[in-house]
Amino acid sequence: MSGRLVGRVVHVDTGALSLLVTNYFLSLISVMMTEGHGINIIRVILVTGLAALNIMSLTRVHLSLIARARSRDYLLFLVNVLPYAALLIYLGPWLLIPTVPLLLFIIEVLRGNGRSVIANVSGTTLIASSYIAWYVLMGGELTVRAIALSIVWIIYHAFSALYVESKLPFRQGIRPYYSSVLWFIGLPALVYVLYVGSGLLSLVVLVEPTVRAFLAIKEGKLGMGDLRNRIRKIGIRLLIESLALACLLIIFGYLY
């Protein structure tokens, strides 16, 4: 998942941890904006416990799953994921948002490809999907607006994860412009769902990633020299951009 995108060279989960923490506060603020004084404190406390469980153990067990997975690693992964079965109460097509990346990630791990591009991108996308999951479990209303914002959030992080993967010199099969292709394929749908869910002004949240997608078309791979620090700088930059997007989603998704 996200921060582990450096394979054997850099093997940390700071990206996943920061995304989980960001998702929690983004979900909480979204619920507060939509529910106001009607917010269910008990549900918020329960989801806070689930988020804490994921933050403390999910990223750690991921490292075991992609290396030498043991029975207890699969069990711990199940403990982290099983509570989300409660989402089945809210049956609907929106469940594809977290289900598809979960299945892709599990399939890759079971095939022994836990370090693959698909596994890393789907893992990051799965973590990003916890935003809509926590929002719903906290008692947030499953509106078109909430679904639209979650789709933007997920595709944005899929785009960012693929971008990082494509910059790695040992990922010979992909290039940075692949991430641009992914973004531009999804862009018409993002414009539509945002316009329908939050109005014309909300389209401003798509400006920065679209500009970055254009720039990535001409970019090449990183060299092997000082790779660790260069990847860290990219990670910090993407974290800042992710936080900026979260703020924009709140401002233009709920305040306007």
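The values are calculated or read from the model by the stated rules, or taken from the named source; none is laboratory data. This one's a predicted model, so the numbers in the text were calculated from it and none came from an experiment. Ideal geometry is used to build each Cβ from the backbone, glycine not excepted, and the neighbour counts take in all protein chains shown. The protein model used for the area step is the full one, side chains on, heavy atoms only, and it has no ligands, DNA or RNA in it. Shrake-Rupley method; radii C 1.70, N 1.55, O 1.52, S 1.80 Å.
Where only protein heavy atoms count, and the probe is 1.4 Å, what is the accessible area per residue for the range 13-141 in Å²? Provide the component values of the computation, followed by the final result.
On the way: 6270 Å² over 129 residues.
About 49 Å² of surface per residue is accessible.
Rounded to the nearest whole Å³, what is the per residue volume of the convex hull around the Cα atoms of the range 143-255? The partial results should precede the final answer.
On the way: hull volume 9.5 nm³, N = 113.
In the range 143-255, the Cα hull volume divided by residue count equals 84 Å³.
Can you tell me the order of 122-130, 76-84 when each peptide is scored by its average per-residue count of other Cβ atoms within 10 angstrom, highest first? Provide the component values of the computation, followed by the final result.
Working: 122-130: 26.9, 76-84: 15.6.
Averaged packing, sorted descending, gives the order 122-130, 76-84.
Give the calculated FRET efficiency between residue 25 and residue 70 to the nearest 0.05, with a Förster radius of 35 Å applied to their Cβ-Cβ distance.
So, using R0 = 35 Å, E works out to roughly 0.60.
Report the calculated FRET efficiency for residue 214 and residue 172 (r = Cβ-Cβ distance, R0 = 22 Å), to the nearest 0.05. Working shown, then result.
Numbers: r = 24 Å, r/R0 = 1.09.
In this case the efficiency is close to 0.35.
Rg to Rh for the range 98-140: what is it, with Cα atoms only and Rh by Kirkwood?
Working: Rg = 11.7 Å, Rh = 10.6 Å.
Checking Rg against Rh, the ratio lands at 1.10.
Got the relative contact order for the chain handy, in percent, Cα pairs under 8 Å and 6 or more residues apart? Write out the running numbers ahead of the final one.
Numbers: 301 pairs, mean separation 58.2, N = 256.
It comes to 23 percent, rounded to a whole number.
Considering Cα pairs under 8 angstrom that are at least six residues apart, work out the relative contact order of the range 143-255 and quote it in whole percent. Could you put the intermediate results ahead of the total?
On the way: 98 pairs, mean separation 37.9, N = 113.
Rounded, it is 34 percent for the range 143-255.
Please give the length that would be gained between residue 40 and residue 111 if that part of the chain were fully extended, namely 0.36 nm times their separation in residues minus their C-alpha to C-alpha distance (nm, one decimal). Don't skip to the end; give the middle numbers.
Numbers: separation 71, 0.36 × 71 = 25.56 nm, distance 4.12 nm.
Roughly 21.4 nm would be gained on extension.
For the chain, take the convex hull of the Cα atoms, compute a quarter of its surface area, and give me that in nm², please. Walk me through the numbers before you get to the answer.
Working: hull surface 52.0 nm².
Spelled out: convex hull of the Cα atoms, projected over all directions, averaged, 13.0 nm².
Assuming R0 = 30 Å, can you tell me the calculated FRET efficiency for the pair residue 203 and residue 99, based on Cβ-Cβ distance, to the nearest 0.05?
Numbers: r = 28 Å, r/R0 = 0.92.
In this case the efficiency is close to 0.60.
At 37 °C and 0.692 mPa s, what whole-number value in µm²/s does Stokes-Einstein give for the translational diffusion of the range 13-141, with Rh from the Kirkwood sum over Cα pairs? Mind showing how you got there, number by number?
Values: Rh = 15.1 Å.
Diffusion coefficient, whole number: 217 µm²/s.
Count neighbours as other Cβ atoms within 10 Å of each site's Cβ, and list the trypsin sites (Lys or Arg not before Pro) in the range 167-227 that are DSSP loop with at most 16 such neighbours. Walk me through the intermediate numbers first.
On the way: sites: 167, 171, 212, 218, 221; in loops: 171, 218, 221.
Within the range 167-227, the qualifying trypsin sites (Lys or Arg not before Pro) (loop, at most 16 other Cβ atoms within 10 Å) are 218, 221.
Within 10 Å of each candidate Cβ there may be at most 13 other Cβ atoms; applying that plus a DSSP loop requirement, which trypsin sites (Lys or Arg not before Pro) in the range 101-160 survive? Before the final figure, lay out the partial values.
Working: sites: 111, 115, 145; in loops: 111, 115.
Those satisfying the criteria are 111.
At a 1.4 Å probe radius, carbon and sulfur cover how many percent of the accessible area of the chain? Working shown, then result.
Working: 8760 of 12270 Å².
In the chain, the share of accessible area belonging to carbon and sulfur is 71 percent.
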